[in-house]
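Below is one structure; the comments refer to it alone.
The values are calculated or read from the model by the stated rules, or taken from the named source; none is laboratory data. Quantities reported herein were computed from a predicted structural model and do not represent experimental measurements. Cβ atoms come from the backbone with ideal geometry, glycine included; neighbour counts cover every protein chain shown.
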Amino acid sequence: MVLIFGRNFISNLFMGNDIISGLEGQIFFQQRKQGVMKLYTADAGLTNIELVYSHRGKGEPNEHIIEYYYDKSQDELRFIAMKDGKWGLYSIKTGEKTPHFIRNEESLLDDNAYIKPEINGTKAFNKRGSMYLARNGKETELRHYYGIYDSKFSPGYVPLGFSPDGKYLLYSWTGHFTPVGWLLESMVRENCYGVYIMDLDSKKSNYYISGQRIQWVRK
C-alpha cells in the first residue's frame, strides 16, 4: 500500500496497518492520474486495486469523470463524462471495457448512497479545522487541528463519511498546517488530499488512499 500510493510512509509503518487489512466490502473512488480524474475500485482492505474506466484519449475537450454512482442491485456503474463536447451519462458493468452512452446529462440527481457524515444519529463535522463526533447529544473531539485554518487551502481534518457498518470514519487532510504548504505541494503533486480512516473504538487512524468521492458498499 505504501509503495502504491507513495505517501505517509511513516504513518502506515508505525500507526497500525491492521485497521486497513481487516476492512470488509468494496470501495469505488476517483483519483487524478496524468492530469485526468479516473474511476477505480478495490477491496476495502486495498488488496485489489483496479482501474474501472478512464475517459482519457477519447478526443473530448474535458477528459474527466466528474460524478459517478455504483448500483449494487444491477452491478453497474453510472458516471458523467463528455460526449461530443457535452456532458453525458454512461453506464458500465463489472468486467466491461467499453461504457454505454445513455443520454446527455450534466449531473446525477438521485441520492447516490456515497458515504455520508451521519449514520444512525451519529454525525461527524469540522469546526475550524478540528474534527468532532456528535452522538446522543454529546460532542467529542476526534482530531485537534493546530495549524492555520483556511476553509479552502487549509481546512484541517474534514470528515467524509462512515463505513457501512458505522465502525470507521473516513476523513481528508492535506498533510499541511498552513495554506502555503498545500499550495506548494499542489504545484508538484496531482493528489494533495489524503483520505484517512479512523477506528471509532480505538480512535486509531491510518492513511488510506489519495482519492475523491469514495463509495463503500457491502459485498
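Select from segment 80-108 the residues that are in contact with a Phe, Trp or Tyr (Cβ under 7 Å, 6 or more places away or on another chain) and small (Gly, Ala, Ser) and write down the one among them that is surrounded by the most Cβ atoms within 10 Å (Cβ to Cβ). By that ranking, first place goes to Ala81. Scanning segment 150-180 for residues that are at pLDDT 85 or above and part of a loop (DSSP other than H, G, I, E, B) gives Pro155, Gly156, Tyr157, Ser163, Pro164, Asp165, Gly166, Lys167.
Here is a check on your reading of the model: is Gly88 small (Gly, Ala, Ser), at pLDDT 85 or above and either within 25 Å of Ser73 (Cβ to Cβ) or touching a Cys at 6+ places or on another chain (Cβ under 9 Å) (or both)? Judged against the criteria, Gly88 is a match. Of the strands (runs of 3 or more DSSP E) lying entirely inside segment 52-130, the ones with 2 or more residues being in contact (Cβ under 8 Å) with a residue 60 or more places away in the chain and within 21 Å of Val158 (Cβ to Cβ) are found at 67-71.
For segment 15-51, a residue qualifies if it is closer than 15 Å to Thr94 by Cβ, in a strand (DSSP E or B) and polar (S, T, N, Q), and the qualifying residues are Gln26, Thr41. Do we find a residue being at pLDDT below 90, polar (S, T, N, Q) and either farther than 15 Å from Lys116 by Cα or in contact with a strand residue (DSSP E or B) (Cβ under 8 Å, 6 or more places away or on another chain) (or both) anywhere in segment 139-148? Checked segment 139-148: no residue is at pLDDT below 90, polar (S, T, N, Q) and either farther than 15 Å from Lys116 by Cα or in contact with a strand residue (DSSP E or B) (Cβ under 8 Å, 6 or more places away or on another chain) (or both). Within segment 120-153, being buried (at least 18 other Cβ atoms within 10 Å of the Cβ) and of a type in the set (Lys, Arg) holds for one residue alone: Arg143.
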